[in-house]
Structure formats: C-alpha cells, structure tokens
Amino acid sequence: MKGSSSAEAKLKAVINATRAILQKQTFQESARAIFDYCRELTGAVSGYVALLSDDGQQNEVLFLEAGGMPCTVDTALPMPIRGFRATVYETNKAVYENDFMHSKWVAYMPEGHVVMRNVMFAPLNLEGVTVGLIGLANKPTDFTDEDAEIASVFGELAAIALRISRHIDLLNERTTSLENALAQVRTLYGLLPMCSHCKKIRDDQGYWTRVESYLSEHTDAQISHGLCPDCLRKLYPDYSEKIIEQLNSFDKG
C-alpha cells in the first residue's frame with residue numbers, strides 16, 4: 001500500500017489510526033501508530049513526531065524513524081524552532097519541500113542528520129495553536145498537495161490523542177489528590193490516643209503532640225486560639241461575664 005492514495009486505502013488507514021488512539025496506553029504509543037499509518041499512506045521513508053517544549057522554544061522528539069539510513073543525531077537533544085519546521089508553527093498548516101538538500105533550509109540541519117531528499121511537516125493543532133508536528137521525509141517521488149492533506153488529517157488525529165492523554169493525566173492527578181485527602185480524613189475517624197490531663201495526641205510514630213499541631217499536620221484546617229466561656233470564668237472571674245456578653249453581641253452583629 002506504500003504511496004497509495006486510493007479512497008479505500010485512506011479510509012482504512014484513518015480507521016486504524018483512530019483505533020490506535022483508543023487502544024494504546026500512552027500518547028507515545030498512539031503517536032507512533034498514527035505516524036506509521038501516515039508514513040505508509042504517503043510513501044515517506046523517514047520521519048518523527050515531536051512536541052513543543054513547555055517554554056515554546058524547542059521541539060522535543062518522541063521518536064525518530066531513520067528508514068534504514070545512517071543517522072547519528074542524538075534524539076534526546078531538543079530541536080530549536082527554526083528553519084523549515086518553524087513555518088509550521090507560524091502557519092499552523094502542512095508544508096513540504098521537494099528539493100530539500102538544495103534549499104535554504106539545509107543550513108539548519110545538524111551534523112549527522114539523515115540525508116533528506118524531500119521533507120514534509122504536518123502540525124498537531126490544539127485550539128488553533130500548533131503544539132507539535134509530524135515530520136516525514138525521503139518519499140521516492142515528490143510530495144504533493146494530496147500528501148499534505150493526508151498528513152494534516154493524521155496530525156489532527158495525533159492532536160486528539162494528545163488531548164485525551166493530557167486529560168487522563170489531569171484526571172489521574174486529581175484522583176491522587178482526592179485519595180490523599182480521603183486518607184487524611186480517615187485518620188480523623190480512627191481512635192486517637194489523647195492524654196487525659198494535657199490533651200496531647202499520640203501520633204503514629206509514638207510522639208505526643210498538641211491537638212492543634214496534629215490537626216494542622218493532618219488536615220487543611222487553620223487553627224486559631226481563644227478562650228471558651230468556662231475558661232474565661234475560671235481565669236478572669238471579675239471580667240468574664242462582661243467579656244462573654246461583648247463576644248455574644250459581636251457574634252450576633
């Protein structure tokens with residue numbers, strides 16, 4: 001099917017790529033499957049999928065397919081947003097160059113990079129912003145506008161996979177936070193050893209701590225201090241009733 005552009009081949013590749021989004025466990029696995037279907041359908045030999053770094057200055061490569069050609073570039077190194085790939089981030093559209101090694105863009109290639117006869121980039125767009133790209137290269141014949149349309153569709157599928165992956169990560173973070181909160185609540189439901197005289201609480205390590213210290217450590221409660229009416233009467237018998245009356249009046253107001 002390599003290089004095929006028939007409607008049946010396109011539909012089959014898109015369906016398989018969509019299934020990969022649902023079946024794969026991680027975005028990198030989904031992206032690899034989507035890339036492979038796109039590469040096979042367009043007839044490209046080499047390529048990669050990369051995401052924009054948090055600072056928006058680099059491409060971070062998820063994987064590189066050299067297509068059996070020699071490549072000594074360290075894929076762990078981020079790629080600056082410059083040269084031909086920068087046009088994808090500027091336009092949010094697929095672009096291609098069929099005489100890459102004689103173009104002005106070749107000046108940006110790092111030493112040891114795969115020799116590229118031709119190159120095409122398709123964006124991963126989320127809410128109108130390009131957050132990554134699919135790179136394709138070394139098709140035996142020239143890339144065409146039809147290839148660009150095909151790669152754009154697979155770029156959209158990769159963007160959907162990325163959105164789903166990020167939502168799952170966020171959900172997992174919130175689930176973890178909720179589990180931690182529930183664990184803290186459960187500690188307050190258990191039997192807490194408390195000194196009958198000083199009212200300190202013994203923690204799980206056997207240390208005795210003040211009640212407010214224990215609550216501050218195990219909950220999000222902020223502890224403030226005051227005196228209850230009974231203690232007011234005991235400590236300040238001459239002024240307690242007046243203070244209590246003023247406090248009650250303040251609360252009602």
- Could you give the length gained on full extension between Glu40 and Val129, defined as 0.36 nm per residue of separation minus the Cα-Cα distance, in nm? 29.4 nm
- Taking neighbour Cβ counts within 10 Å as the exposure measure, how do Met116, Met79, Met194 sort from fewest upward? Met194, Met79, Met116
- Taking the chain and counting helices only, DSSP H stretches of n ≥ 4 at -39,500 (n - 2.57) each over all residues, the nearest-500 ellipticity at 222 nm comes to -15000 deg cm²/dmol
- Segment Trp208-Glu241, length gained on full extension (0.36 nm per residue, minus Cα span): 8.4 nm
- Pairwise FRET efficiency - Gln58 versus Ala183, Cβ, R0 = 41 Å, nearest 0.05: 0.60
- Task: Towards the positive end of the charge dipole of the chain, with charges on Cβ (+1 Lys, Arg; -1 Asp, Glu), say which of Gly43, Asn118, Ala31 has the farthest Cα.
- Result: Ala31
- Task: Along Cα→Cβ, 7 Å out, is where each label goes; now give me the distance between the ones at Arg233 and Ile168 in nm to one decimal.
- Result: 6.4
- Task: Show which lysines lie in cross-link reach of Lys242 when reach means a straight Cα distance below 23 angstrom and same-chain residues fewer than eight apart are skipped.
- Result: Lys234, Lys252
- Starting from the amide H of Glu65, placed 1.01 Å from N in the peptide plane, find each other amide H under 5 Å away whose residue is 5 or more places distant or on another chain. Gly47, Tyr48
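No value in this document is a laboratory result; all are computed from the given coordinates. If you're wondering where the values come from, they're calculated on a predicted model, not measured in any experiment. Cβ sites come from the backbone with ideal geometry, for glycine too, and all protein chains shown count toward neighbours.
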